[in-house]
Amino acid sequence: MADRVALIDYGAGNLHSVHNALKAAGAADIAVTDDPAIVRAADRIVLPGVGAFAACMNGLSAIPGMIDALEARVRDDKVPFLGICVGMQLLAERGLEHGTHAGLGWIGGEVRAMDATPSIKVPHMGWNDVTPSDGAPLIVPGEAYFLHSYHFAAADAADVAAVTDHGGPVTAAVARDNILGVQFHPEKSQAYGLDLLRRFLDWTVS
C-alpha cells in the first residue's frame, strides 16, 4: 500500500502547487489536512510555509492538537518529515521577524533577517546553487528556486544539510534524523525539486 502523505493545511502554505508537485513525484495518497488525527496516521508529513514566521507559527498553533500530533508522529514515531520555506524555518527555536517568536524548537538556532548591501538584494529571490554538506540526507548538488528575506542560523553546524551563496553562505537546508527542512521551494524548482520530492517519498530513515 502506498504511503499516506499528510500535507499540513494551516492557512500559510502554497498547498495547491506543493500537492501537485508531490503527485508528480509519485505520491498516490496525499491528504491536504488540518486534522491532527490524519497527521497521527500519516507515513510522511510535509509542512509548507509562506509569509511571516509569527503568522505561520500562530496559524499552526491555532489548530487544536496539531502541534501535539506533529510532535508525536515526527519526534516520537520518527516518520519522515519535510518542511518547506517557512515550514523549514519553524523548526528553529525562535524567529526574529517583527519581534521574537518561539518556533517548534526541533533544531537549535534562530531565524534572522538577511543583510542587504548595495550589491546583495533582499529578498533573496530566484535560482541559486545548492551545495550539500557531507552526509546530508536527500540533498544533491544543483540549482533550486529561492524566495526569502530571513535565514536559518543553526546553533550546530552539523544540522546544516546544505548551503547556498547570497553574499556569503546561507542555509539552504537543515536536517536531523528523520527531519529535513529546505529553504528553497521544491514545487518551483522544476526537475531538481521533483527529484528531491521523489527521494523524500522513498526515504527510509534508519
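When the residues of the stretch 109-142 are filtered to those that are farther than 14 Å from Cys85 by Cα and touching a helix residue (DSSP H, G or I) at 6+ places or on another chain (Cβ under 6 Å), which remaining residue is surrounded by the fewest Cβ atoms within 10 Å (Cβ to Cβ)? Ranking the qualifying residues of the stretch 109-142, first place goes to Gly142. Checking each residue in the stretch 16-37 for being open to solvent by 60 Å² or more (accessible area, probe 1.4 Å) and within 21 Å of Val205 (Cα to Cα) picks out Ala28, Asp29. Does Gly13 fit the bill of being open to solvent by 20 Å² or more (accessible area, probe 1.4 Å) and part of a loop (DSSP other than H, G, I, E, B)? When the stated conditions are applied, Gly13 passes them.
Any chance you could count how many residues in the stretch 21-51 are part of a loop (DSSP other than H, G, I, E, B), farther than 19 Å from Ala69 by Cα and among the aliphatic types (A, V, I, L, M)? So the count comes out to 4.
On the basis of being open to solvent by 50 Å² or more (accessible area, probe 1.4 Å) and touching a strand residue (DSSP E or B) at 6+ places or on another chain (Cβ under 6 Å), does Leu147 make the cut? Yes: the conditions hold for Leu147. When you look at Met57, is it touching a strand residue (DSSP E or B) at 6+ places or on another chain (Cβ under 8 Å), closer than 27 Å to Tyr150 by Cα and open to solvent by 10 Å² or more (accessible area, probe 1.4 Å), yes or no? The answer is yes for Met57.
Does Asp202 fit the bill of being open to solvent by 20 Å² or more (accessible area, probe 1.4 Å), farther than 30 Å from Ala62 by Cβ, without any contact (Cβ under 8 Å) to a residue 40 or more places away in the chain and more than 13 Å from the chain's Cα centre (by Cα)? So Asp202 fits the description; yes. The listed residues are Glu97, Glu71, Glu110, and the only one of them that is farther than 25 Å from Ala21 by Cβ and assigned to a strand (DSSP E or B) turns out to be Glu110.
The values are calculated or read from the model by the stated rules, or taken from the named source; none is laboratory data. Please read all numbers here as calculations on a predicted model, not as lab measurements. Cβ: placed from backbone, ideal geometry, glycine included. Neighbour counts: every protein chain shown. Areas reflect the complete protein model, heavy atoms only, side chains present, ligands, DNA and RNA absent. Shrake-Rupley method; radii C 1.70, N 1.55, O 1.52, S 1.80 Å.
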